[in-house]
Amino acid sequence: MNIKRRQFLTTCGLATLATQISPLTAEGKLLTNTIRKPPRLQVGDTVGLIAPAGIVDAKDIEAAQKSILQLGLKVKLGKHILDRYGYLAGKDADRAQDVNLMYGDRTIKAIIAMRGGWGCNRILPLLNYSLIRSHPKIIMGYSDITTLLLAINARSQMITFHGPVATSTWNQFTVDYFKRILFNAEAVTMQNLNPSQVRVETIARGKARGKLVGGNLSVLSAMVGSPYLPSWNKSILFVEEIGEDVYRIDRMLTQLKTAGILNQIAGFIFGQCTNCSLGDEPSFTLMQVLQDHILPLGIPAWYGSMIGHIKDKFTLPIGVEVEINAELGTIRMLEAAVNLV
(Lines give C-alpha, C1' and ligand atoms only; values in the text may rest on other atoms or scores of the structure.)
Protein backbone atom coordinates (compact mmCIF):
# COMPACT_ATOMS: atom_id res chain seq x y z
CA MET A 1 0.00 0.00 0.00
CA ASN A 2 1.52 3.34 -1.01
CA ILE A 3 1.63 6.34 1.35
CA LYS A 4 -1.10 8.38 -0.41
CA ARG A 5 -3.52 5.46 -0.33
CA ARG A 6 -2.76 4.82 3.35
CA GLN A 7 -3.34 8.47 4.20
CA PHE A 8 -6.63 8.46 2.28
CA LEU A 9 -7.93 5.37 4.07
CA THR A 10 -6.84 6.74 7.46
CA THR A 11 -8.67 10.01 6.78
CA CYS A 12 -11.81 8.14 5.73
CA GLY A 13 -11.63 5.97 8.84
CA LEU A 14 -11.31 8.98 11.13
CA ALA A 15 -14.19 10.70 9.40
CA THR A 16 -16.37 7.64 9.87
CA LEU A 17 -15.41 7.37 13.54
CA ALA A 18 -16.16 11.07 14.08
CA THR A 19 -19.63 10.54 12.65
CA GLN A 20 -20.20 7.58 14.95
CA ILE A 21 -19.38 9.48 18.13
CA SER A 22 -20.93 12.82 17.20
CA PRO A 23 -24.26 13.73 18.83
CA LEU A 24 -27.27 12.98 16.64
CA THR A 25 -30.83 14.20 16.46
CA ALA A 26 -33.72 11.77 16.22
CA GLU A 27 -33.59 12.25 12.44
CA GLY A 28 -29.92 11.29 12.35
CA LYS A 29 -28.59 14.81 11.74
CA LEU A 30 -25.40 15.90 13.45
CA LEU A 31 -25.71 18.28 16.38
CA THR A 32 -23.26 21.09 17.07
CA ASN A 33 -20.08 20.08 18.85
CA THR A 34 -20.41 22.94 21.34
CA ILE A 35 -20.38 21.53 24.87
CA ARG A 36 -23.36 22.52 27.02
CA LYS A 37 -23.35 23.13 30.76
CA PRO A 38 -26.45 22.53 32.88
CA PRO A 39 -27.87 25.23 35.18
CA ARG A 40 -26.62 25.14 38.77
CA LEU A 41 -28.67 23.71 41.60
CA GLN A 42 -30.50 25.95 44.07
CA VAL A 43 -32.18 25.23 47.38
CA GLY A 44 -35.73 24.12 46.71
CA ASP A 45 -34.96 22.52 43.33
CA THR A 46 -36.30 19.06 42.53
CA VAL A 47 -33.96 16.12 41.92
CA GLY A 48 -35.12 13.08 39.96
CA LEU A 49 -34.02 9.68 41.25
CA ILE A 50 -33.72 6.85 38.73
CA ALA A 51 -32.61 3.21 38.73
CA PRO A 52 -30.98 2.69 35.30
CA ALA A 53 -28.97 -0.36 36.35
CA GLY A 54 -29.29 -2.71 39.35
CA ILE A 55 -32.32 -3.47 41.51
CA VAL A 56 -33.39 -0.94 44.16
CA ASP A 57 -35.27 -1.67 47.39
CA ALA A 58 -37.89 0.56 48.98
CA LYS A 59 -35.66 1.03 52.04
CA ASP A 60 -32.89 2.34 49.77
CA ILE A 61 -35.27 4.93 48.35
CA GLU A 62 -36.31 6.04 51.83
CA ALA A 63 -32.68 6.55 52.89
CA ALA A 64 -31.81 8.32 49.62
CA GLN A 65 -34.75 10.69 49.92
CA LYS A 66 -33.63 11.64 53.41
CA SER A 67 -30.10 12.42 52.19
CA ILE A 68 -31.34 14.54 49.27
CA LEU A 69 -33.84 16.44 51.42
CA GLN A 70 -31.05 17.33 53.86
CA LEU A 71 -29.34 19.12 50.97
CA GLY A 72 -32.34 21.44 50.70
CA LEU A 73 -33.65 19.69 47.60
CA LYS A 74 -36.94 18.03 46.73
CA VAL A 75 -37.25 14.53 45.31
CA LYS A 76 -39.23 13.00 42.44
CA LEU A 77 -39.00 9.28 41.80
CA GLY A 78 -38.69 7.65 38.42
CA LYS A 79 -41.83 5.84 37.26
CA HIS A 80 -40.09 2.46 37.13
CA ILE A 81 -37.65 2.89 40.03
CA LEU A 82 -38.94 -0.18 41.91
CA ASP A 83 -39.36 -2.43 38.87
CA ARG A 84 -37.54 -5.76 38.72
CA TYR A 85 -36.47 -7.78 35.72
CA GLY A 86 -33.95 -10.44 36.66
CA TYR A 87 -31.01 -8.58 38.18
CA LEU A 88 -32.06 -5.33 36.50
CA ALA A 89 -34.29 -2.55 37.85
CA GLY A 90 -36.89 -3.16 35.14
CA LYS A 91 -36.89 -3.84 31.41
CA ASP A 92 -34.53 -1.89 29.18
CA ALA A 93 -37.28 0.19 27.56
CA ASP A 94 -38.70 1.18 30.96
CA ARG A 95 -35.36 2.14 32.47
CA ALA A 96 -34.55 4.19 29.37
CA GLN A 97 -37.99 5.79 29.54
CA ASP A 98 -37.29 7.00 33.08
CA VAL A 99 -34.12 8.74 31.86
CA ASN A 100 -35.91 10.36 28.93
CA LEU A 101 -38.88 11.41 31.07
CA MET A 102 -36.62 13.04 33.63
CA TYR A 103 -34.96 15.11 30.91
CA GLY A 104 -38.31 16.08 29.45
CA ASP A 105 -39.72 17.11 32.85
CA ARG A 106 -39.12 20.84 33.28
CA THR A 107 -39.60 20.60 37.06
CA ILE A 108 -36.53 18.37 37.38
CA LYS A 109 -33.22 20.25 37.76
CA ALA A 110 -30.89 17.28 38.35
CA ILE A 111 -30.92 13.51 37.92
CA ILE A 112 -29.12 11.21 40.34
CA ALA A 113 -28.87 7.45 39.90
CA MET A 114 -29.89 5.36 42.90
CA ARG A 115 -27.04 2.87 42.46
CA GLY A 116 -24.81 1.18 39.91
CA GLY A 117 -24.55 -2.57 39.36
CA TRP A 118 -25.07 -3.46 35.71
CA GLY A 119 -27.48 -2.47 32.97
CA CYS A 120 -26.83 1.06 31.72
CA ASN A 121 -25.04 -0.19 28.60
CA ARG A 122 -28.23 -1.96 27.53
CA ILE A 123 -30.31 1.23 27.37
CA LEU A 124 -27.93 3.48 25.42
CA PRO A 125 -29.63 2.96 22.01
CA LEU A 126 -32.99 3.84 23.60
CA LEU A 127 -32.04 7.27 24.94
CA ASN A 128 -33.19 10.46 23.20
CA TYR A 129 -29.91 12.37 22.93
CA SER A 130 -31.52 15.30 21.11
CA LEU A 131 -34.04 15.70 23.93
CA ILE A 132 -31.25 15.45 26.49
CA ARG A 133 -29.24 18.19 24.79
CA SER A 134 -32.25 20.49 24.50
CA HIS A 135 -32.96 20.17 28.24
CA PRO A 136 -29.54 20.51 29.91
CA LYS A 137 -29.52 19.35 33.51
CA ILE A 138 -27.14 17.74 35.95
CA ILE A 139 -26.85 13.94 35.81
CA MET A 140 -24.64 12.17 38.34
CA GLY A 141 -23.50 8.78 39.56
CA TYR A 142 -20.52 6.41 39.38
CA SER A 143 -19.66 2.75 38.84
CA ASP A 144 -22.02 1.38 36.13
CA ILE A 145 -23.46 4.91 35.73
CA THR A 146 -20.15 5.66 33.96
CA THR A 147 -21.92 4.38 30.83
CA LEU A 148 -24.63 7.04 30.96
CA LEU A 149 -22.22 9.82 31.82
CA LEU A 150 -19.89 9.10 28.91
CA ALA A 151 -22.67 8.43 26.38
CA ILE A 152 -24.54 11.63 27.22
CA ASN A 153 -21.31 13.61 27.18
CA ALA A 154 -20.41 12.15 23.77
CA ARG A 155 -23.78 12.07 22.02
CA SER A 156 -25.48 15.10 23.58
CA GLN A 157 -22.30 17.14 24.15
CA MET A 158 -23.24 17.76 27.77
CA ILE A 159 -21.16 18.13 30.92
CA THR A 160 -21.97 15.16 33.18
CA PHE A 161 -20.88 14.39 36.73
CA HIS A 162 -19.02 11.41 38.19
CA GLY A 163 -19.96 11.57 41.86
CA PRO A 164 -22.08 10.01 44.57
CA VAL A 165 -25.18 7.98 43.80
CA ALA A 166 -28.30 8.56 45.87
CA THR A 167 -27.44 5.62 48.18
CA SER A 168 -23.88 6.86 48.81
CA THR A 169 -22.62 8.11 52.16
CA TRP A 170 -23.35 11.85 52.01
CA ASN A 171 -20.70 12.89 54.51
CA GLN A 172 -19.12 16.32 54.93
CA PHE A 173 -16.32 15.70 52.42
CA THR A 174 -18.66 14.46 49.69
CA VAL A 175 -21.31 17.13 50.31
CA ASP A 176 -18.72 19.93 50.33
CA TYR A 177 -17.49 19.18 46.79
CA PHE A 178 -21.04 18.49 45.61
CA LYS A 179 -22.27 21.89 46.81
CA ARG A 180 -19.26 23.93 45.73
CA ILE A 181 -19.36 22.56 42.19
CA LEU A 182 -23.10 22.13 41.62
CA PHE A 183 -24.65 24.84 43.83
CA ASN A 184 -21.96 27.53 43.93
CA ALA A 185 -20.60 27.01 40.40
CA GLU A 186 -17.05 27.16 41.73
CA ALA A 187 -14.00 26.08 39.77
CA VAL A 188 -12.47 24.09 42.63
CA THR A 189 -9.16 22.36 43.19
CA MET A 190 -9.66 18.77 44.32
CA GLN A 191 -7.14 17.38 46.74
CA ASN A 192 -7.14 14.39 49.09
CA LEU A 193 -8.38 15.19 52.58
CA ASN A 194 -6.14 12.88 54.56
CA PRO A 195 -2.92 11.82 52.77
CA SER A 196 -2.25 9.18 55.46
CA GLN A 197 -5.48 7.37 54.51
CA VAL A 198 -5.43 7.95 50.73
CA ARG A 199 -1.81 8.49 49.74
CA VAL A 200 -0.79 9.90 46.38
CA GLU A 201 1.66 7.59 44.59
CA THR A 202 3.20 9.45 41.68
CA ILE A 203 3.69 7.38 38.55
CA ALA A 204 5.18 10.20 36.45
CA ARG A 205 5.73 13.78 37.56
CA GLY A 206 4.45 16.88 35.86
CA LYS A 207 1.39 18.98 35.08
CA ALA A 208 -1.07 18.63 32.22
CA ARG A 209 -4.23 20.29 30.96
CA GLY A 210 -7.17 18.78 29.14
CA LYS A 211 -10.80 17.79 29.33
CA LEU A 212 -11.58 15.47 32.23
CA VAL A 213 -12.99 12.13 31.04
CA GLY A 214 -13.35 8.74 32.69
CA GLY A 215 -15.12 6.51 35.20
CA ASN A 216 -15.13 2.87 36.21
CA LEU A 217 -12.41 0.98 34.33
CA SER A 218 -14.31 -2.24 33.61
CA VAL A 219 -17.39 -0.32 32.45
CA LEU A 220 -15.27 1.94 30.28
CA SER A 221 -13.38 -0.96 28.69
CA ALA A 222 -16.71 -2.67 27.93
CA MET A 223 -17.72 0.41 25.90
CA VAL A 224 -14.65 0.37 23.65
CA GLY A 225 -15.68 0.06 20.02
CA SER A 226 -19.14 1.52 20.62
CA PRO A 227 -20.37 4.87 19.28
CA TYR A 228 -20.96 6.17 22.82
CA LEU A 229 -17.49 7.31 23.86
CA PRO A 230 -16.21 10.90 23.74
CA SER A 231 -13.00 12.12 22.15
CA TRP A 232 -9.85 11.16 24.01
CA ASN A 233 -7.60 13.67 22.25
CA LYS A 234 -5.40 15.40 24.87
CA SER A 235 -7.87 14.48 27.62
CA ILE A 236 -7.19 13.76 31.29
CA LEU A 237 -8.31 10.18 31.87
CA PHE A 238 -9.41 9.11 35.36
CA VAL A 239 -10.41 5.56 36.28
CA GLU A 240 -11.36 3.60 39.39
CA GLU A 241 -12.18 -0.02 40.15
CA ILE A 242 -13.43 -2.43 42.80
CA GLY A 243 -12.94 -6.13 43.49
CA GLU A 244 -10.67 -6.93 40.54
CA ASP A 245 -7.45 -8.94 40.53
CA VAL A 246 -4.39 -7.10 39.25
CA TYR A 247 -4.20 -9.21 36.09
CA ARG A 248 -7.68 -8.01 35.15
CA ILE A 249 -6.62 -4.38 35.61
CA ASP A 250 -3.71 -5.21 33.32
CA ARG A 251 -6.08 -6.73 30.76
CA MET A 252 -8.41 -3.72 30.77
CA LEU A 253 -5.60 -1.18 30.47
CA THR A 254 -4.15 -3.26 27.64
CA GLN A 255 -7.53 -3.03 25.91
CA LEU A 256 -7.49 0.77 26.21
CA LYS A 257 -3.94 0.78 24.86
CA THR A 258 -4.60 -1.44 21.85
CA ALA A 259 -7.76 0.56 21.09
CA GLY A 260 -5.54 3.65 20.76
CA ILE A 261 -7.04 5.46 23.75
CA LEU A 262 -4.01 5.66 26.05
CA ASN A 263 -1.83 7.06 23.29
CA GLN A 264 -4.15 10.07 22.95
CA ILE A 265 -4.45 11.23 26.56
CA ALA A 266 -2.50 14.08 28.19
CA GLY A 267 -2.70 12.85 31.78
CA PHE A 268 -3.81 9.85 33.83
CA ILE A 269 -5.35 9.39 37.28
CA PHE A 270 -6.18 6.07 38.92
CA GLY A 271 -8.44 6.89 41.85
CA GLN A 272 -8.93 3.88 44.10
CA CYS A 273 -8.81 0.17 43.40
CA THR A 274 -11.02 -0.90 46.31
CA ASN A 275 -10.68 -4.51 47.47
CA CYS A 276 -8.40 -5.34 44.54
CA SER A 277 -6.04 -8.27 45.10
CA LEU A 278 -2.94 -9.78 43.55
CA GLY A 279 -4.87 -12.93 42.67
CA ASP A 280 -2.95 -16.10 41.89
CA GLU A 281 0.79 -16.09 42.42
CA PRO A 282 3.05 -15.08 40.82
CA SER A 283 1.70 -11.59 40.20
CA PHE A 284 2.68 -8.02 39.49
CA THR A 285 1.69 -5.34 41.97
CA LEU A 286 -0.88 -2.83 40.80
CA MET A 287 1.76 -0.12 40.68
CA GLN A 288 3.98 -2.27 38.45
CA VAL A 289 1.09 -2.71 36.01
CA LEU A 290 0.35 1.02 36.02
CA GLN A 291 4.00 1.84 35.41
CA ASP A 292 4.21 -0.65 32.53
CA HIS A 293 1.27 0.96 30.75
CA ILE A 294 1.58 4.63 31.68
CA LEU A 295 5.30 5.46 31.97
CA PRO A 296 5.97 4.88 28.23
CA LEU A 297 3.31 7.50 27.44
CA GLY A 298 5.45 10.27 28.95
CA ILE A 299 2.48 11.96 30.62
CA PRO A 300 1.84 13.10 34.23
CA ALA A 301 0.11 10.35 36.19
CA TRP A 302 -0.62 9.15 39.71
CA TYR A 303 -2.49 6.60 41.78
CA GLY A 304 -4.55 7.48 44.85
CA SER A 305 -7.31 10.06 44.40
CA MET A 306 -10.68 10.33 46.15
CA ILE A 307 -12.46 8.66 43.25
CA GLY A 308 -14.28 5.35 43.34
CA HIS A 309 -16.09 2.98 45.67
CA ILE A 310 -15.16 4.90 48.82
CA LYS A 311 -17.08 7.07 51.31
CA ASP A 312 -15.24 10.34 50.62
CA LYS A 313 -15.81 11.26 46.96
CA PHE A 314 -14.98 14.11 44.62
CA THR A 315 -17.65 15.34 42.23
CA LEU A 316 -15.85 15.16 38.88
CA PRO A 317 -17.25 17.12 35.92
CA ILE A 318 -16.79 15.10 32.73
CA GLY A 319 -15.97 17.37 29.81
CA VAL A 320 -14.60 20.30 31.82
CA GLU A 321 -11.08 21.67 31.27
CA VAL A 322 -8.78 20.89 34.19
CA GLU A 323 -5.12 21.05 35.13
CA ILE A 324 -3.57 18.19 37.08
CA ASN A 325 -0.42 18.05 39.18
CA ALA A 326 0.85 14.49 39.47
CA GLU A 327 3.18 15.20 42.41
CA LEU A 328 0.52 16.89 44.54
CA GLY A 329 -2.32 14.73 43.27
CA THR A 330 -4.52 17.74 42.52
CA ILE A 331 -7.23 18.29 39.94
CA ARG A 332 -7.79 22.00 39.34
CA MET A 333 -10.90 22.98 37.41
CA LEU A 334 -10.16 25.74 34.90
CA GLU A 335 -13.84 26.65 34.48
CA ALA A 336 -17.15 26.24 36.25
CA ALA A 337 -19.07 23.07 35.38
CA VAL A 338 -22.55 24.61 35.66
CA ASN A 339 -24.18 27.85 34.57
CA LEU A 340 -25.37 30.42 37.10
CA VAL A 341 -28.72 30.80 35.33
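The values are calculated or read from the model by the stated rules, or taken from the named source; none is laboratory data. In this text the structure is predicted, and so the values were computed from the model without any measurement. Cβ: placed from backbone, ideal geometry, glycine included. Neighbour counts: every protein chain shown. Accessible surface is based on the protein model in full, side chains and every heavy atom, while ligands, DNA and RNA are left aside. Shrake-Rupley method; radii C 1.70, N 1.55, O 1.52, S 1.80 Å.
Meeting the requirement of 1 or more residues that are closer than 21 Å to Lys311 by Cα, the strands (runs of 3 or more DSSP E) wholly within segment 46-145 are 46-50, 108-113, 138-141.
Just a yes or no: is a residue in segment 182-200 more than 23 Å from Ser305 (Cβ to Cβ), open to solvent by less than 10 Å² (accessible area, probe 1.4 Å) and touching a strand residue (DSSP E or B) at 6+ places or on another chain (Cβ under 6 Å)? No, because not a single residue in segment 182-200 is more than 23 Å from Ser305 (Cβ to Cβ), open to solvent by less than 10 Å² (accessible area, probe 1.4 Å) and touching a strand residue (DSSP E or B) at 6+ places or on another chain (Cβ under 6 Å). The strands (runs of 3 or more DSSP E) falling completely within segment 148-241 that include 1 or more residues that are in contact with a His (Cβ under 8 Å, 6 or more places away or on another chain) map to 207-216.
Total residues in segment 319-341 satisfying the condition of being among the aliphatic types (A, V, I, L, M) and farther than 15 Å from Ala266 by Cβ: the figure is 7.
For Lys91, the conditions (1) touching a residue at least 12 places away in the same chain (Cβ under 8 Å); (2) in contact with a strand residue (DSSP E or B) (Cβ under 6 Å, 6 or more places away or on another chain); (3) not acidic (Asp, Glu) all hold with the exception of (1). Scanning segment 279-300 for residues that are open to solvent by 70 Å² or more (accessible area, probe 1.4 Å) and aliphatic (A, V, I, L, M) gives a single hit, Leu295. A count restricted to segment 301-325 and to residues that are surrounded by 23 or more Cβ atoms within 10 Å (Cβ to Cβ), not β-branched (Val, Ile, Thr) and not in a strand (DSSP E or B) stands at 6. Selection within segment 215-261: residues that are touching a residue at least 60 places away in the same chain (Cβ under 8 Å) and of a type in the set (Phe, Trp, Tyr). The member of this set that is nearest to Met158 (Cα to Cα) is Tyr228.
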